[in-house]
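The values are calculated or read from the model by the stated rules, or taken from the named source; none is laboratory data. Not measured: the values here are computed from a predicted model. Cβ sites come from the backbone with ideal geometry, for glycine too, and all protein chains shown count toward neighbours.
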Amino acid sequence: MILVVAFLCLSYINSVYPYNDNITAYEMLEKYNFPKGILPTGVQSYKLSPNGEFEVLLKSDCKFKVVGGYLLNYDNRISGKVEIGALKSLNGVKVRIFFIWIEINEVVRSNADLNFYVGPMSASFSTSSFEECPRCNSQFVDGNGGVIETI
């Protein structure tokens, strides 16, 4: 009887929190209804606990630009809590607004948009802007191959 209860509990946990050692952090994001491109290339490892708390380790800190010209900084350790369509209590992700770095504390999916929250303020971007994983510390080039900016 105890084995049956344990099996049922484990089956329930696996269905609610689809953790699998053989899938990447990018694939895991997609299981939670997020595009893989909200994480930069170069994820070294990740941990996901049954309650949704996660930790992602990058090779090093990572800066890159996103739609709208915003500069993002991902620390080499990112953590928070994930549920279907929401990343909450984020640590390690910042956006530069003018000359100030501000923590992004939540990302929520709303249909085809991602809403990024910085305290009570938010900005929305199409999920299509995050189909590809950005490269860290990238160079931005013009249409003729000339370097515009290096991060």
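Observations on the model:
- Residue selected from segment 9-36 under the condition of a type in the set (D, E, K, R) and more than 19 Å from F64 (Cα to Cα), by the criterion modelled with the lowest pLDDT: D21
- Residue among L48, L39 that is closer than 21 Å to N115 by Cβ, at pLDDT 90 or above and among the hydrophobic types (A, V, I, L, M, F, W, C): L39
- Residue list for segment 21-71, restricted to those being in contact (Cβ under 8 Å) with a residue 60 or more places away in the chain, of a type in the set (G, A, S) and crowded, with 17+ Cβ neighbours inside 10 Å: G37
- Residues of segment 72-94 that turn out to be closer than 17 Å to M121 by Cβ and either modelled with pLDDT under 95 or not in a strand (DSSP E or B) (or both), as a count: 1
- Note on segment 95-133: residues that are in a loop (DSSP other than H, G, I, E, B), over 15 Å from the mean Cα position of the chain (by Cα) and either surrounded by 11 or more Cβ atoms within 10 Å (Cβ to Cβ) or among the small types (G, A, S) (or both) total 2.
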